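Participant: One structure coming up, written as structure tokens, with questions to follow.
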Amino acid sequence: MAYRHSSLDQMSGRGTVSDQLGDLIAVIDGRDDLISECLQGAAELRCFLRENTRALLATHAFHDALAGHLPGDVASQAGLPDLLAKLHTIADLE
């Protein structure tokens, strides 16, 4: 949980998609229990994750870059809708 927070924190204020986005996507995509971990986190952390994820999802460049941060094989690329669903769930955290 702390890694996701620090990775988002390092990305905030940057105007371009960075290599850290790839790290963040790998963590989000690779953790089946991510949403339950987020729900168990402190309210301040959930708020941080929610607001920053919303900001990313509102950016066309972020959507354009997502597939490029997944492995190129068919199975990994087919997971893009699941990744987006997970990101939207984080963006809706209470």
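Every number here is computed from the coordinates shown, using simple stated rules; none is lab data. Bear in mind the structure is a predicted one, so any value in this text is a computation, not a measurement. So basically every Cβ, Gly included, is an ideal-geometry build from the backbone, and we count neighbours across all protein chains shown.
Participant: Taking θ as phi - 60°, what are the ³J(HN,Hα) couplings along the stretch 88-93 by the Karplus curve (6.51, -1.76, 1.60), each to the nearest whole Hz, with x for Gly and Pro?
Facilitator: 5, 5, 5, 5, 9, 4
Participant: Report the calculated FRET efficiency for residue 76 and residue 37 (r = Cβ-Cβ distance, R0 = 25 Å), to the nearest 0.05.
Facilitator: 0.65
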